[in-house]
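Chemist: Mind having a look at this structure? Questions to follow.
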């Protein structure tokens, strides 16, 4: 090839012998990439799911609630209480309490800090 075509690559290969000449062969970039990854002849089944939020805007908000459940030091019980008592309609509750600051204590009061998420159309007012 006398001109450089952006759709083609010219990979060079050299044998382990330092005196050998490199082998060069023009090939399409997509074929070269497939050869490098080893996926050129591999069939794979795939399932696409979760496309209902594609094109939407993710809105995440922080929330805090005073914990009125049982043990103040059992995170599993706190997480279960949070799911049972703080789920808001139209929002996805993130009940993970493992982050620093997720559970705060002041005197006899335990506060759970969590977040909720929803996906809205970009045209809607946030």
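Chemist: From the list 29, 39, which one is in contact with a strand residue (DSSP E or B) (Cβ under 6 Å, 6 or more places away or on another chain) and modelled with pLDDT under 75?
Modeler: 29
Chemist: With respect to the numbered conditions (1) in contact (Cβ under 8 Å) with a residue 12 or more places away in the chain; (2) within 23 Å of the chain's Cα centre (by Cα); (3) not in a helix (DSSP H, G or I), which one is the sole condition not fulfilled by residue 99?
Modeler: Exception for residue 99: condition (1).
Chemist: So residue 88 ticks every box in (1) surrounded by fewer than 14 Cβ atoms within 10 Å (Cβ to Cβ); (2) in a strand (DSSP E or B); (3) at pLDDT 95 or above but one. Which box is left unticked?
Modeler: For residue 88, the failing item is (2).
Chemist: Still on this model: Go through segment 102-126 and give me each residue that's within 14 Å of residue 73 (Cα to Cα) and either touching a residue at least 24 places away in the same chain (Cβ under 8 Å) or not assigned by TED's automatic domain parsing to the domain that holds residue 75 (or both).
Modeler: Once the filter is applied, which keeps residues that are within 14 Å of residue 73 (Cα to Cα) and either touching a residue at least 24 places away in the same chain (Cβ under 8 Å) or not assigned by TED's automatic domain parsing to the domain that holds residue 75 (or both), segment 102-126 yields 103, 105, 109, 110, 111, 112.
The values are calculated or read from the model by the stated rules, or taken from the named source; none is laboratory data. Quantities reported herein were computed from a predicted structural model and do not represent experimental measurements. Every residue, glycine among them, receives a Cβ derived from its backbone with ideal geometry; neighbour counts consider all protein chains shown.
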